[in-house]
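Okay, so here's the structure we're looking at.
Computed from the coordinates by the stated procedures, all read-outs in this text should not be read as laboratory data. Predicted model only: the values in this text are computed from it and were never measured.
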Amino acid sequence: MSRQLSSFLLTVLAYTIAGAALFMLTISSKQTPAPEECVIKVALITPAPVVKPEPEPVPEPEPEPAPEPEPKPEPEPVPEPKPEPELAPEPEPVPEPKPEPKPKPKPKKIIKKSKPKPLERKVRKKSTSASASKSVTANLKQKFLGRVRSTIIRNKKYPRAAIKRNIQGRVRVSFDIQKNGTVSNIRVSGASPMLQRAAKKSIRRSFPVAVPKKLKGEMPLRNVSINLDFKLK
């Protein structure tokens with residue numbers, strides 16, 4: 001209610017202020033004298049007509065010259081017909097020569113080649129194949145034994161007691177290699193017993209070894225020997 005009352009009072013105050021202002025304006029307009037009438041003459045000046053410049057004529061494009069016609073190819077000259085070759089005169093028949101008597105062929109000497117018997121052929125083939133297989137197995141055997149010896153030398157250990165006592169020497173070791181790659185029947189000779197025991201240990205450390213399949217038919221390999229040197233630098 002307070003808001004409506006305040007808005008009502010404001011509108012009433014605004015109307016009273018506006019009425020007072022109108023009243024004051026009417027009083028001031030009655031006291032000021034009216035101004036004298038003034039006559040103002042207005043002369044109408046017609047503007048000069050604007051002359052638009054005529055557009056220049058657009059020159060017509062010159063016609064393009066017509067393309068010259070291509071010269072027609074001259075007709076090829078017709079070759080003159082070749083004169084037909086004159087027929088050669090038929091040759092006169094030549095009398096047939098009489099056949100000469102043929103010489104009688106000499107009888108050829110027939111040399112009979114001695115064919116080897118089937119048994120001899122088989123024996124030769126077997127001998128050649130056997131010799132080839134022997135050479136292959138011999139090479140494999142040498143390579144296999146070379147690997148075994150290098151493995152034994154790598155596993156050789158110099159006894160400390162022998163080094164302290166300055167014991168040196170060469171031990172000859174012989175042994176057998178079985179089909180499964182194991183070692184057996186180790187035999188030693190030479191040098192001191194201390195070095196012989198060290199040589200046996202190096203042999204046992206190096207086995208078993210892998211045996212190639214092609215050498216298993218040659219196994220066991222007996223009396224394989226190697227020299228082990230024990231030297232101080």
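A 29 angstrom limit on the alpha carbon distance is what I want to check against. Which of LYS157/LYS214; LYS179/LYS233; LYS134/LYS231; LYS201/LYS231 exceed it?
Working: LYS157/LYS214 33 Å; LYS179/LYS233 39 Å; LYS134/LYS231 39 Å; LYS201/LYS231 17 Å.
The pairs that break the limit, which is 29 Å between Cα atoms, are LYS157/LYS214; LYS179/LYS233; LYS134/LYS231.
Percent of Cα-Cα pairs per 5 Å bin, from 0 to the last occupied bin, for segment 130-233, please list those.
Final binned percentages: 2, 12, 22, 21, 15, 11, 8, 5, 2, 1, 0.
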